[in-house]
Amino acid sequence: MPLSEERVEPRRARRLPLGGFVLVVLALAVLYPLWEIARISLLDLEEVNSPDAALWPPTFRAYVEAWTGVAFPRYFLNSIVVTLAVTVGSTLTAILAAYAFARASFPGRDVLFLAVIGTLMIPNHITLIPNYLTFAKVGLLDTFVCLILPFLASGFSIFFLRQHMMTIPRSLDEAARMDGAGTWMILWTIIVPLSWPAIAVVALFAFMSQWNEFIWPLLATTSEDMRTVQIGLRYLLRDEEAAIPDWPLVMAGTMITLVPLLIAYVFAERHLIRGITMGSFR
């Protein structure tokens, strides 16, 4: 046994530097675009293409103009309202549906669950025209309802939470029922607390996906009062025929839109890795 340990340890020692180097390279590849966005946003327009551009002292002209030049606060507020509503609504429906698929027994449950999984194979762009025609017929285009309603159910979220709830022992349900607990009490006092890491992952993915949504808000809204922040970034390119677009202005707007995503990640980070890897060792 000591001989085998001596053979294993050198292999680990040789692998760690290579693995660390690969991780550093991948991290730099991911962070470099963010660095470029932040760097350009702090420059003047004349310094964008200058190799001697200095970052100190920084220039916040682009941030001020991005926030005050167009109706950016309104776009930002619209995105906050829509994203929070979709995150809360889709997470709630995922919890209820996943609990039903994981714990309840009813005719056609497995077939219905296969149908839910099947929705993962349907590209979102296929549903754009049917959704647009539906909301147009009922007169709900250019409203918060049409921006929120199509995203209140997610096949991925239901599948993800259902797979996690299947790992929770049913003996906990049986013990709770012996103490007089009903279905709703079991869900909210046992299943949900034990599923917080997975729920945090679902909520974070829903928040990120909805915050970055562009095609549907562009199609479903016409007035500037209902535009979201991703569409607002397009308005920062004021003069498309200019020789040099105001890239610091666009990059400043991009940095502003990244702030809610970073805040959401900070709050959910401690649950993210645990929620994704949960059940991998079962």
key: For D179: the one exception among (1) among the charged types (D, E, K, R); (2) free of Cβ contacts under 8 Å to residues at least 40 places away in the same chain; (3) crowded, with 18+ Cβ neighbours inside 10 Å   = (3)
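Residue-by-condition table, conditions (1) of a type in the set (A, V, I, L, M, F, W, C); (2) farther than 27 Å from L233 by Cβ; (3) surrounded by fewer than 18 Cβ atoms within 10 Å (Cβ to Cβ):
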| residue | (1), (2), (3) |
| --- | --- |
| N78 | no, no, no |
| I95 | yes, yes, no |
| A115 | yes, yes, yes |
| G118 | no, yes, yes |
| A136 | yes, no, yes |
| V145 | yes, no, yes |
| I148 | yes, no, no |
| L152 | yes, no, yes |
| R162 | no, yes, no |
query = Within the set of pairs 6+ apart or on separate chains, which have a first residue in region 256-276 that is of a type in the set (G, A, S), a second that is at pLDDT 70 or above and not in a helix (DSSP H, G or I), and C-beta atoms under 9 Å apart?
reply = G275/S195
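Considering I191, I168, which residue is buried (at least 17 other Cβ atoms within 10 Å of the Cβ) and either within 20 Å of L92 (Cβ to Cβ) or in contact with a strand residue (DSSP E or B) (Cβ under 8 Å, 6 or more places away or on another chain) (or both)?
Details: I168 fails: buried (at least 17 other Cβ atoms within 10 Å of the Cβ).
Going through I191, I168 in turn, the sole match is I191.
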task = Please work out which residue is nearest to I37 (Cα to Cα), limiting yourself to region 206-241 and to residues that are out of contact with any helix residue (DSSP H, G or I) (no Cβ under 7 Å at 6 or more places or on another chain), modelled with pLDDT under 85 and assigned to a helix (DSSP H, G or I).
result = R234
Matching entry among A175, A153, A198 (being farther than 21 Å from V229 by Cβ, of a type outside the set (S, T, N, Q), touching a helix residue (DSSP H, G or I) at 6+ places or on another chain (Cβ under 6 Å) and assigned to a helix (DSSP H, G or I)) = A198
note = Here the qualifying pairs (Cβ atoms under 6 Å; residues six or more apart or on different chains; first in region 61-84 and within 18 Å of L258 (Cβ to Cβ); second charged (D, E, K, R) and buried (at least 18 other Cβ atoms within 10 Å of the Cβ)) come out as Y75/R227
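Restricting to region 97-113, count the residues that are among the basic types (K, R) and buried (at least 19 other Cβ atoms within 10 Å of the Cβ).
Of the residues in region 97-113, the ones among the basic types (K, R) are 103, 109.
Of the ones still in play, those that are also buried (at least 19 other Cβ atoms within 10 Å of the Cβ) are none.
Number satisfying all stated conditions: 0.
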key: Residue satisfying condition, being free of Cβ contacts under 8 Å to residues at least 12 places away in the same chain and either of a type outside the set (F, W, Y) or in contact with a strand residue (DSSP E or B) (Cβ under 9 Å, 6 or more places away or on another chain) (or both), within set L152, L140, L128, L147   = L140
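One line per residue, one yes/no per condition, for (1) part of a helix (DSSP H, G or I); (2) touching a helix residue (DSSP H, G or I) at 6+ places or on another chain (Cβ under 9 Å):
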{"residue": "L84", "(1), (2)": "yes, yes"}
{"residue": "A94", "(1), (2)": "yes, yes"}
{"residue": "A97", "(1), (2)": "yes, yes"}
{"residue": "F106", "(1), (2)": "no, yes"}
{"residue": "G118", "(1), (2)": "yes, yes"}
{"residue": "I126", "(1), (2)": "yes, no"}
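The values are calculated or read from the model by the stated rules, or taken from the named source; none is laboratory data. All values derive from a computational prediction rather than experimental measurement. FYI the Cβ positions are ideal-geometry reconstructions off the backbone, even for glycines, and counts take in every protein chain you see.
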